[in-house]
Each structure stands twice: as structure tokens, then as C-alpha cells.
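The values are calculated or read from the model by the stated rules, or taken from the named source; none is laboratory data. The structure displayed is predicted, hence computed values, not measured ones. Because the Cβ atoms are built from the backbone with ideal geometry, glycine has one as well, and the counts that use them run over all protein chains shown. SASA here: full protein model, heavy atoms, side chains in, ligands and nucleic acids out. Shrake-Rupley method; radii C 1.70, N 1.55, O 1.52, S 1.80 Å.
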Amino acid sequence: MMDDTGEPVWIHLFFYREISMLEAILLRYCQFTKYVVSLIGRSVSYLLPVLAAIVFYEVFARYVLNRPTIWGYDTSLFLFGYIAALGGAYAQQREAHINVDIIHAKVSEKTRRIFDVLTSILAMGFLVVMVKTCGGMFIESLEFNYKTQSEWAPAMHHFWLMITVSAGVFIAQYSTELIANLFFLIKGRELNGEIHQHVNLIDQPFKVDSDQLDSIFDKESPNGN
């Protein structure tokens with residue numbers, strides 16, 4: 001059977017099936033990656049009360065008992081690093097990082113997606129260098145048994161491993177955003193089943209909307225300038 005262009009219908013059905021299969025693979029990858037990033041981010045959040053308890057005990061031991069620990073400072077420093085680094089990708093997924101969209105909010109949806117693609121590429125490039133550098137430091141710290149310069153002197157290799165893993169998780173999160181934005185630019189629609197997540201400004205205390213900035217700058221100063 002031929003279509004209006006004189007080509008066999010099976011050719012169109014074949015390419016449609018292949019495109020649908022590719023879209024399904026991309027969708028499954030994005031969903032799985034976002035689930036893993038979310039799981040890691042939510043898991044490390046349970047370290048926050050542990051960190052708070054250690055800091056509280058260290059302050060109590062130092063100023064009340066007059067017997068400061070030798071492990072409190074290093075442990076709290078490591079835990080803070082774990083929480084911040086491993087939770088960074090989840091914060092990116094939730095659009096919770098500091099963002100001033102002065103230009104981003106003024107352009108069209110297509111232009112915003114182009115900006116997001118460029119941002120993802122630049123961020124992933126930096127993170128690849130970070131993985132390579134921190135991975136090398138992990139191997140080196142294992143080989144030479146690097147330790148902190150403190151009285152307790154715990155080993156440092158686990159910290160470099162954590163930074164390497166967190167950078168890899170960040171790359172995975174950025175890859176899902178890159179795929180979604182490229183798909184939108186090529187197909188003109190969202191990846192099937194994927195909804196571009198917009199978080200309300202009320203949920204992002206550090207995000208400043210361009211309209212808010214305009215209203216601030218349009219107001220006259222008390223001096224009338």
C-alpha cells in the first residue's frame with residue numbers, strides 16, 4: 001500500500017515505531033534517574049538531625065563540661081559536606097538553587113530552553129572535570145593514606161569518593177534536563193509523560209522573579225531620585 005507521496009506505508013510505520021521506542025527509552029531513563037536522585041536527596045536529609053545533635057553535644061561538652069571532643073569538629077564537617085554535595089542534585093531537580101531570572105523570564109519559551117541547554121552543557125562539562133579530579137584525589141588519598149590535620153586525624157578518602165559520586169549524580173540529573181529541553185526544541189512538545197516542573201516562588205525563598213525586581217527598581221527612593 002502506498003501513501004500520498006508514493007512511498008510504502010510500512011516505511012512510515014517502521015520509523016514511527018522506532019521514534020516511539022526511542023522516546024519511551026528516553027522517558028524511562030529520565031524517570032529512573034529522577035527517582036534515584038530524589039531517593040539520594042531524601043536519604044541524606046536524615047543526616048541533618050544527626051549533624052545538629054553532634055554540634056549541640058560539642059557545644060555542651062566544650063562550654064558546660066569543659067571537655068571538648070576531638071571528633072566533633074571533623075565529624076560535623078564531613079556530615080555537612082555529605083548533605084550539601086549529595087543533596088545538590090536533588091535541589092537542582094526541585095529548582096531550589098539560587099536563581100535570578102532577569103533575562104530568562106523575559107524571553108520566549110523556545111529561547112529559555114536554548115538557555116537551559118547551554119547551561120546544562122556547561123555545568124556537565126565542569127562536573128566531568130570535577131569527577132576526574134576528585135576521583136584522582138580519592139585514589140591518591142587511598143595510596144598515601146591522607147588524613148585531616150587535627151588531633152583525631154580521620155582518613156580523607158571517603159570524602160573524596162563522596163564528592164566524586166555526588167558530581168556523577170549531578171551529571172545524571174543535568175542529563176535528564178538536557179534530554180527534556182532538546183526534545184522540546186526538536187519536537188515542539190514535552191517528552192511524553194514529562195511535565196516541566198515549575199516551583200512556586202513561595203517555595204523558593206532565594207529565587208527573585210524579574211517582575212519583582214522591576215517593581216523594586218521602579219519605585220522612587222525616599223530622596224525622590
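The table for this structure:
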{"quantity": "The stretch 137-158, subset more than 14 Å from Leu77 (Cα to Cα) and more than 31 Å from the chain's Cα centre (by Cα), residue most open to solvent (accessible area, probe 1.4 Å)", "calculated": "Glu151"}
{"quantity": "Single condition Thr148 does not satisfy, out of (1) at pLDDT 95 or above; (2) in contact with a helix residue (DSSP H, G or I) (Cβ under 8 Å, 6 or more places away or on another chain)", "calculated": "(1)"}
{"quantity": "From Arg113, Arg62, Arg94, Arg67, residue being under 23 Å from Ile186 (Cβ atoms) and either touching a residue at least 24 places away in the same chain (Cβ under 8 Å) or open to solvent by 30 Å² or more (accessible area, probe 1.4 Å) (or both)", "calculated": "Arg113"}
{"quantity": "Options Leu191, Leu161, Leu127: the member that is open to solvent by 60 Å² or more (accessible area, probe 1.4 Å), out of contact with any Gly (no Cβ under 7 Å at 6 or more places or on another chain) and not β-branched (Val, Ile, Thr)", "calculated": "Leu161"}
{"quantity": "Residue in the stretch 117-133 that is closer than 23 Å to Ser76 by Cα, in a helix (DSSP H, G or I), at pLDDT 90 or above and not polar (S, T, N, Q) present", "calculated": "no"}
{"quantity": "Test: residue in the stretch 73-81 that is open to solvent by 80 Å² or more (accessible area, probe 1.4 Å), touching a Leu at 6+ places or on another chain (Cβ under 7 Å) and not charged (D, E, K, R)", "calculated": "yes"}
{"quantity": "Pairs with Cβ under 9 Å, 6+ apart, first in the stretch 162-179 and more than 19 Å from Phe138 (Cα to Cα) and of a type in the set (Lys, Arg), second open to solvent by 10 Å² or more (accessible area, probe 1.4 Å) and part of a helix (DSSP H, G or I)", "calculated": "none"}
{"quantity": "Residue list for the stretch 1-43, restricted to those being of a type in the set (Ser, Thr, Tyr) and either more than 33 Å from the chain's Cα centre (by Cα) or modelled with pLDDT under 85 (or both)", "calculated": "Thr5, Tyr16, Ser20"}
{"quantity": "Subset of the stretch 22-59 (residues that are open to solvent by 80 Å² or more (accessible area, probe 1.4 Å) and β-branched (Val, Ile, Thr))", "calculated": "Ile25"}
